[in-house]
Amino acid sequence: MKKRAVFLMFTILISCTKNLDSESLPTQPYLLVLGVAQDAGYPQIACQKDCCKRVYQNSENKRLVSSIAIIDPISNQSWLFDATPDFTQ
């Protein structure tokens, strides 16, 4: 069952990788990935490595923790999976 769910999510993700503009909004349900960082965020808490120091020095380099949403434009519903502390951003 777990493998099927992962396969389904992967298939949806692959099918939604094209760039979207306002004229070509999807008419079928699609997956939306919000953020790009793993669960602890970027920079990591108390990290003193150069990669994290760059973010402390310039907050524009910060990356939001990822969440996954499924959007259904047909029913006008959406579902959020793994809401993170960065959700409001």
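FYI, it's all coordinate maths here, none of it is from the lab. Values in this document were obtained by computation on a predicted structure and should not be read as measured data. Note that we place each Cβ from the backbone using ideal geometry, even for glycine, and neighbour counts take in every protein chain shown.
A few points about this structure:
- Residue list for the range 58-89, restricted to those being closer than 17 Å to Val36 by Cβ and β-branched (Val, Ile, Thr): Val65, Ile68, Thr84, Thr88
- Residue selected from the range 28-46 under the condition in contact with a Cys (Cβ under 7 Å, 6 or more places away or on another chain) and part of a strand (DSSP E or B), by the criterion nearest to Asn76 (Cα to Cα): Tyr30
- The range 45-79 - residue that is farther than 19 Å from Gln28 by Cβ and within 13 Å of the chain's Cα centre (by Cα) and, of those, surrounded by the most Cβ atoms within 10 Å (Cβ to Cβ): Val65
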